[in-house]
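Asks: Have a look at the structure that comes next, please.
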Ligand code: ACO
């Protein structure tokens with residue numbers, strides 16, 4: 001079917017049907033207002049494709065996630081984060097030369113301008129690292145002003161892409177260092193992206209820091225799993241802001257701000273807070289777990305099993321399956337003895353065998369284990385969303401480039417006005 005018909009009062013109009021490469025169907029309503037005077041109303045745009053995109057394919061019913069056609073399972077198993085970043089941004093897996101060139105480019109831009117380093121003295125010590133990251137990514141446009149002239153086709157764009165990926169890791173690690181009053185650790189070019197990030201976070205000038213391969217591998221996977229997720233809130237924000245031809249740095253900074261909201265990037269923190277409440281209430285005993293599972297099933301309790309369910313995935317979140325395996329490796333290597341982990345395992349076991357959760361297709365999502373994993377890696381809770389932002393960077397960049405190259409018009413949605421109809425001004429003394 002290539003057309004659909006819409007009947008409004010006595011008028012029948014034809015709506016073109018757009019078919020995606022994985023056979024998803026959409027009705028093109030871009031001429032609807034001109035033809036009929038009607039607009040569509042879709043709160044949260046949950047039923048609206050806002051763009052065509054060739055970056056990420058996501059199919060919630062069957063738990064499919066593919067970057068540029070490659071299944072997330074294969075990428076998480078076999079690729080490095082920078083390799084996946086290249087794939088997402090440039091559309092193809094790099095050959096060895098291209099990957100070396102890209103990796104060297106990113107590695108050579110991990111230093112941030114010494115004047116930017118002084119910004120940390122201005123932020124309060126307990127500034128939330130997401131606020132610091134968003135502000136400093138935005139400030140990159142002041143240090144590299146030629147970005148304002150750079151569009152999706154400009155050759156210098158590659159340099160800005162490498163800068164953004166490289167410097168955001170340094171900015172993020174130094175935000176943490178600043179929060180604990182430790183000296184910033186300068187990046188080490190001999191290390192790969194994930195190892196370098198762990199080094200900047202945890203090394204101290206006073207002692208040797210041994211980087212664990214298991215931790216590097218886990219971080220690499222975490223970043224890959226978060227690298228893109230099609231038109232989510234922060235990515236849409238990047239596109240909306242970028243549609244005004246705002247620069248890459250400022251658009252991505254806006255995306256970071258959107259991610260900061262608890263409904264978007266805060267779910268793994270909410271999981272840990274829930275586990276802590278259960279721990280304080282009696283821990284992983286059968287009686288306590290049964291009580292809490294009962295609460296999660298009771299609509300009047302106002303409590304949900306955090307980290308279960310997903311707006312898009314109606315099956316296992318494929319990222320959760322990969323992460324659970326990786327998390328178990330880290331828990332084993334570090335001999336993690338975390339009562340919250342015991343509670344998480346018990347809850348998962350109960351929920352997966354309870355018809356309430358099974359019938360509603362509520363499975364663990366990527367956040368169920370990511371918070372516990374970060375906690376085991378000693379990454380503090382405030383940094384969880386920052387880690388998400390570092391992972392999502394390639395997706396934001398790719399979407400900004402795609403949108404800019406395609407010359408997407410400025411985003412300007414409509415509304416249905418529900419306020420007062422016309423009325424005359426009443427002078428102040430008569431009100
Ligand atoms: N615990 C208990 N019940 C749940 C849960 C949960 N985690 N999630 C959904 N339900 C129930 C609902 O009460 C509803 O039951 P009903 O049909 O009897 O009324 C049914 O399952 C469907 O729930 P909806 O809210 O309609 O599902 P939706 O797909 O809109 O919500 C959401 C998805 C918001 C993620 C939800 O599952 C939830 O709140 N989960 C917990 C929070 C969470 O983990 N969020 C992170 C998502 S992942 C991410 O953002 C990266």
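Asks: Go through the stretch 243-280 and count every residue that is within 12 Å of the ligand (Cβ to nearest atom), assigned to a loop (DSSP other than H, G, I, E, B) and in contact (Cβ under 8 Å) with a residue 40 or more places away in the chain.
Replies: Selection size over the stretch 243-280: 2.
Asks: Out of all the residues in the stretch 140-164, which are surrounded by 15 or more Cβ atoms within 10 Å (Cβ to Cβ) and free of Cβ contacts under 8 Å to residues at least 40 places away in the same chain?
Replies: 143
Asks: Without any contact (Cβ under 8 Å) to a residue 60 or more places away in the chain, more than 21 Å from the chain's Cα centre (by Cα) and not in a helix (DSSP H, G or I): is that true of residue 186 in this structure?
Replies: When the stated conditions are applied, residue 186 does not pass them.
Asks: Sort through 289, 293 and tell me the only one that's within 11 Å of the ligand (Cβ to nearest atom) and not in a loop (DSSP other than H, G, I, E, B).
Replies: 293
Asks: Report yes if residue 352 is farther than 24 Å from residue 217 by Cβ and free of Cβ contacts under 8 Å to residues at least 24 places away in the same chain, otherwise no.
Replies: So residue 352 passes the test.
Asks: Since residue 245 meets every condition but one in (1) closer than 22 Å to residue 135 by Cβ; (2) in contact with a strand residue (DSSP E or B) (Cβ under 6 Å, 6 or more places away or on another chain), which condition does it not meet?
Replies: Exception for residue 245: condition (2).
Asks: Take residue 198 and tell me if it is closer than 18 Å to residue 80 by Cβ and assigned to a helix (DSSP H, G or I).
Replies: Considered against the rule, which asks whether it is closer than 18 Å to residue 80 by Cβ and assigned to a helix (DSSP H, G or I), residue 198 comes out as yes.
Asks: Continuing with the same structure: With respect to residue 50, determine if the residue is surrounded by 13 or more Cβ atoms within 10 Å (Cβ to Cβ) and in contact with a strand residue (DSSP E or B) (Cβ under 7 Å, 6 or more places away or on another chain).
Replies: Considered against the rule, which asks whether it is surrounded by 13 or more Cβ atoms within 10 Å (Cβ to Cβ) and in contact with a strand residue (DSSP E or B) (Cβ under 7 Å, 6 or more places away or on another chain), residue 50 comes out as no.
Asks: Count, please, the residues in the stretch 352-370 that happen to be in contact with a strand residue (DSSP E or B) (Cβ under 9 Å, 6 or more places away or on another chain) and either within 23 Å of residue 388 (Cα to Cα) or at pLDDT below 95 (or both).
Replies: 6
Asks: Could you tell me whether the stretch 72-94 includes any residue that is surrounded by 15 or more Cβ atoms within 10 Å (Cβ to Cβ), in contact with a strand residue (DSSP E or B) (Cβ under 7 Å, 6 or more places away or on another chain) and not in a helix (DSSP H, G or I)?
Replies: Within the stretch 72-94, not a single residue is surrounded by 15 or more Cβ atoms within 10 Å (Cβ to Cβ), in contact with a strand residue (DSSP E or B) (Cβ under 7 Å, 6 or more places away or on another chain) and not in a helix (DSSP H, G or I).
Asks: Could you list all residues from the stretch 165-195 that are farther than 13 Å from residue 132 by Cβ, out of contact with any strand residue (DSSP E or B) (no Cβ under 9 Å at 6 or more places or on another chain) and surrounded by fewer than 20 Cβ atoms within 10 Å (Cβ to Cβ)?
Replies: Selection gives 180, 181, 186, 188, 189, 190, 191, 192, 195.
Asks: If residue 70 satisfies every condition in (1) at pLDDT 95 or above; (2) under 18 Å from the mean Cα position of the chain (by Cα) but one, which is the exception?
Replies: (2)
Asks: If you don't mind, another one. Among 151, 146, which is in contact with a helix residue (DSSP H, G or I) (Cβ under 6 Å, 6 or more places away or on another chain) and farther than 30 Å from residue 78 by Cα?
Replies: Sole residue among the options that is in contact with a helix residue (DSSP H, G or I) (Cβ under 6 Å, 6 or more places away or on another chain) and farther than 30 Å from residue 78 by Cα: 151.
Asks: Then there is this: Kindly indicate whether any position in the stretch 26-33 is under 30 Å from residue 75 (Cα atoms), in contact (Cβ under 8 Å) with a residue 24 or more places away in the chain and not in a loop (DSSP other than H, G, I, E, B).
Replies: no
Asks: Could we say that residue 81 is modelled with pLDDT of 95 or more, within 17 Å of the chain's Cα centre (by Cα) and under 19 Å from residue 190 (Cβ atoms) here?
Replies: yes
Asks: Go through the stretch 302-392 and tell me which helices (runs of 4 or more DSSP H), entirely inside it, have 1 or more residues that are more than 24 Å from the chain's Cα centre (by Cα) and within 9 Å of the ligand (Cβ to nearest atom).
Replies: 339-352, 355-359
Asks: Hey, residue 279 hits all of (1) at pLDDT 95 or above; (2) surrounded by 17 or more Cβ atoms within 10 Å (Cβ to Cβ) but one; which does it fall short on?
Replies: Here residue 279 meets the rest and fails (2).
Asks: Follow-up. For residue 178, indicate whether it is assigned to a loop (DSSP other than H, G, I, E, B), farther than 16 Å from residue 377 by Cβ and in contact with a helix residue (DSSP H, G or I) (Cβ under 6 Å, 6 or more places away or on another chain).
Replies: Spelling it out, it is not the case that residue 178 is assigned to a loop (DSSP other than H, G, I, E, B), farther than 16 Å from residue 377 by Cβ and in contact with a helix residue (DSSP H, G or I) (Cβ under 6 Å, 6 or more places away or on another chain).
Asks: Of (1) within 24 Å of the chain's Cα centre (by Cα); (2) in a loop (DSSP other than H, G, I, E, B); (3) modelled with pLDDT under 95; (4) surrounded by 15 or more Cβ atoms within 10 Å (Cβ to Cβ), residue 126 satisfies all except one. Which?
Replies: (4)
The values are calculated or read from the model by the stated rules, or taken from the named source; none is laboratory data. Keep in mind that what you see is a predicted model, and the values were worked out from it rather than measured. For neighbour counting, all protein chains shown are included, and Cβ atoms are generated from backbone atoms with ideal geometry for every residue, glycine included.
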